[in-house]
Amino acid sequence: MTLTSANPTRQTADALVVAVASSPSGPRVVGADWLPADTAAQVTGLAGVLGVTGAVDEVRRVPAGTGLAAKVVVLTGVGALDAGDSPEPETLRRAAGAALRELGGARTVALALPAEDVPQVAAVAEGALLGAYSYTRYRTGEQTGAPAEDITVLSPRSRDKAAQAALARAEVLAAAVHGVRDLVNAAPNDLFPAAFADAAKAAVKDAGTRNLKITVLDEKALAAGGYGGILGVGQGSARPPRLVKVSYTPSRPAAKVALVGKGITFDSGGISIKPAAGMDAMKSDMAGAAAVLHTVVAAARLELPVAVTGWLCLAENMPSGTAQRPSDVLTIRGGKTVEVLNTDAEGRLVMADGLVAAVEEKPDVVIDIATLTGAQLVALGPRVSAVMGTDDVRTEVVDAAEAAGEAFWPMPLPADLRAGLKSKVADLANIGDRFGGMLTAGIFLQEFVGTTPWAHLDIAGPAFNEKAAFGYTPAGGTGVGVRTLLALIEARAVR
Ligand code: BES
Ligand code: MN
Ligand code: ZN
């Protein structure tokens, strides 16, 4: 990706992207005073017959005509906008992302979107890179619609060091998000716990920085370490579980952050098996662990002055003759016992081990991220993630998400729900009352964090887009969480 203040009319790209806002008097080109008058008139004139409205997520290609070196002009909607106003960063991200997503097949793309200040440059760069993604691992034969290889952001700020840094950051960020999407989209016959651990090793190696270390605990080491939750969930699978620790340690860290991710490479439900319809989406049940891995790698690549340790709790939840049964009792690391009343509530079991391991190292804060409950989807729908935990940290996550352009909504941890988790035989049961299922899962995890400031992120819906692509978000794995976690780490670096 390149940043330039060159004249947009002279861009010889395959496609030149321009913003269009909707207004009561019809669509209006935004931030493109440089457009030759006849081109502007042509575009605005065509808008009516083409049905262009300037709505969000609307992308339309029109012939560039005379006066432009680019082959086509791409109109990308930014929605309603008062005259004189410029779009919000997240609107720009989505508009740039939708354009790049729709432009599969174009090799070179130049973006002439509003990019007057550094936040706008960052938004355009991030959106474009996030949208330029396609997953083709399992496609054979001729490949069409590959994402653009050469993206240029046009901005008067091209000489500004901060704008250049924003571009470099966007590239690291997008690589991390793409890395998560690739892992989530991978078929679970290819991505099982040991394969995930290998992928983590490869990602660490690719980052090429010395202060990034990875340790993999196999099933023997897990038994020796008392990780009963991960082992219990993983015991039904022919492919044994793993706990991966990835740590980034800069020389003089301003803070120490621990991240714990749910990495169920496939969640069949186990003996409490799920219905067949929709079970395929459960290949995405490792999205939290993937987000943790790539956040740590991104923090290292950006050389942030914060120590970050990621814990990936990897297991495959399968029914079999060796699988755990409803009524089995597990001992989580640290000694607490859990009666497994439903083997499909497996996420909290592996996360309990991960949280205990994470807090043993006395981080300043621990954040866990998991596709934990169907109740998250019931409460907030498929695009809004939930955050629970210690009040301060919960607010910190909401603020980081806001800055990053991700939707995380604060949710409570009502103490009365703890009663539902009482077990007749063990310290606690792994399921509680039916209502407020997402909060009950949070209350369960809370038992394992002690007094460490903590937040729990439930990304069950947002991690995997089962519907059509929108903005910079493709169908399938979305990579949700990485941008929020990275923003939080960056904020910790300066506070
Ligand atoms: N992985 C699922 C949660 C999930 C559901 C993620 C839908 C993404 C989309 C989790 O392991 C699960 O099965 N949770 C159960 C818990 C219940 C048994 C208490 C659920 O939500 O139904
Ligand atoms: Mn489950
Ligand atoms: Zn699960």
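The values are calculated or read from the model by the stated rules, or taken from the named source; none is laboratory data. The structure displayed is predicted, hence computed values, not measured ones. Please note: Cβ atoms are built from the backbone with ideal geometry, for glycine as well, and neighbour counts cover all protein chains shown. For the accessible areas, the whole protein counts, side chains as well, though only heavy atoms, and no ligand, DNA or RNA atoms are used. Shrake-Rupley method; radii C 1.70, N 1.55, O 1.52, S 1.80 Å.
General observations
- Using a Förster distance of 45 Å, the FRET efficiency for Thr144-Thr337 (Cβ separation, nearest 0.05): 0.25
- Once both labels are positioned 7 Å from their Cα atoms along Cα-to-Cβ, the gap between Asp364 and Ala223 label points is 4.0 nm.
- FRET efficiency, 1/(1 + (r/R0)^6) with R0 45 Å, evaluated for Asp433 and Thr44 via beta carbons: 0.20
- Summarising the overall dimensions of the stretch 28-181 from its C-alpha atoms, the Rg and Dmax are 15.7, 49 angstrom.
- Degrees, to the nearest 10: 161-185 long Cα axis against longest axis of the chain: 50
- Kirkwood-based shape ratio for the chain, expressed as Rg/Rh from alpha carbons: 1.01
- Alpha-carbon Debye profile of the stretch 117-171, log10 I(q)/I(0) at 0.13, 0.14, 0.20, 0.28 Å⁻¹: -0.41, -0.46, -0.71, -1.11
- Given their separation in residues at 0.36 nm each and the Cα-Cα distance between them, Asn7 and Ile273 gain 89.8 nm when the chain is fully extended.
- In terms of its Cα atoms, the stretch 391-438 spans 45, 20, 15 Å along the principal axes, sorted from long to short.
- Arg107-Asp190 pseudo-label distance in nm [points 7 Å out on the Cα-to-Cβ vector]: 2.6
- Flagged links, alpha-carbon separation over 32 Å, of Lys213/Lys274; Lys274/Lys422; Lys71/Lys283; Lys213/Lys336: Lys213/Lys274; Lys71/Lys283
- Over all orientations, the stretch 289-441 has a Cα convex hull whose mean projected area works out to 10.3 square nanometres.
- Using the Cβ-Cβ distance between Ala468 and Glu171 with R0 = 45 Å, the FRET efficiency computed as 1/(1 + (r/R0)^6) comes to roughly 0.95.
- Sorting Thr108, Thr390 on solvent-accessible area from highest to lowest, probe radius 1.4 Å, gives Thr390, Thr108.
- Peptides 359-372, 239-252 ranked from most to least packed by the mean count of surrounding Cβ atoms within 10 Å: 359-372, 239-252.
- Charge dipole (Cα centre; +1 on Lys/Arg Cβ, -1 on Asp/Glu Cβ; no other charges) of the chain amounts to roughly 800 debye.
- Label-to-label distance, Ala415 versus Ala83, with points set 7 angstrom from Cα along the beta-carbon direction: 5.8 nm.
- Taking only the alpha carbons of the stretch 99-144, we obtain Rg and Dmax values of 13.5, 44 Å in that order.
- Orientation-averaged projection of the stretch 375-495 equals 8.4 nm² [convex hull of Cα atoms, one quarter of hull surface area].
- Just so you know, the Cα atoms of the stretch 454-495 work out to an Rg and Dmax of 12.9, 39 Å.
- Taking each residue as 0.36 nm, the span from Gln164 to Asp280 lengthens on full extension beyond its C-alpha to C-alpha distance by 37.6 nm.
- Couplings 3J(HN,Hα) for the stretch 9-16, derived from phi with the Karplus relation 6.51 cos²θ - 1.76 cosθ + 1.60 (θ = phi - 60°), are 5, 9, 5, 8, 6, 4, 9, 10 Hz, where x marks Gly and Pro.
- Taking every DSSP helix (H) stretch of at least 4 residues in the chain, weighting each as -39,500 (n - 2.57) and dividing the sum by the residue count yields a mean residue ellipticity at 222 nm of -11000 deg cm²/dmol.
- For the peptides 263-270, 331-338, residues were scored by their other Cβ atoms within 10 Å and the scores averaged per peptide; the highest-first order is 263-270, 331-338.
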